[in-house]
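These notes concern the structure reproduced below.
The values are calculated or read from the model by the stated rules, or taken from the named source; none is laboratory data. Fair warning: this is a prediction, and the values are worked out from it, not measured in the lab. Here the Cβ positions follow ideal geometry from the backbone for every residue, glycine too, while neighbour counts run over all protein chains shown. For accessibility, only protein heavy atoms count, side chains too; no ligands or nucleic acids. Shrake-Rupley method; radii C 1.70, N 1.55, O 1.52, S 1.80 Å.
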Amino acid sequence: MPNARLLYKHSPTCSLSAIALDEMARFRASHPDVPVEQLDVFADRPRCMAIETELGVRHESPQVLLVVDDRVVWHASHRRVTAASVAEAWRSHVR
């Protein structure tokens, strides 16, 4: 099995992030074994910006990145962060 994880960037002041947080909670409830790292875009700003540089995906919030073997294979931001889209990405890219 590949080394896979999800990074979820969350803004505590953004209404879209509040919706995405609910979606990620639904995803986590149905996929409790999937590693998800949640980052606060304010408190973890240096890490969020380093992720942009290291992984080559423009920083947005809310944003979820599926990282497999240290490479982003899928990402979504704003209204595209849904439990269904994350689950489909996980199914498609992680075996």
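A few notes on this one:
- Accessible area expressed per residue, the chain, with surrounding protein chains retained (probe 1.4 Å, Å²): 56
- Shown here are the Rg and Dmax of the Cα trace of the chain, at 12.2, 37 Å.
- Among the DSSP helices (H) of the chain, those spanning at least 20 angstrom by Cα along their long axis with an average Kyte-Doolittle hydropathy of -1.0 or more are 15-30; this is a geometric and hydropathy rule only.
- Charge dipole of the chain (Cα centre as origin; +1 on each Lys and Arg Cβ, -1 on each Asp and Glu Cβ, all else neutral): 180 debye, rounded to the nearest 20.
- Carbon plus sulfur fraction of accessible area for the stretch 10-86, probe 1.4 Å, in percent: 52
- The stretch 1-86: chymotrypsin sites (Phe, Trp or Tyr not before Pro) in DSSP coil with no more than 15 other Cβ atoms inside 10 Å: Phe42
- Available extension along the chain between Ala4 and His59 is 17.8 nm, counting 0.36 nm per residue and deducting the alpha carbon span.
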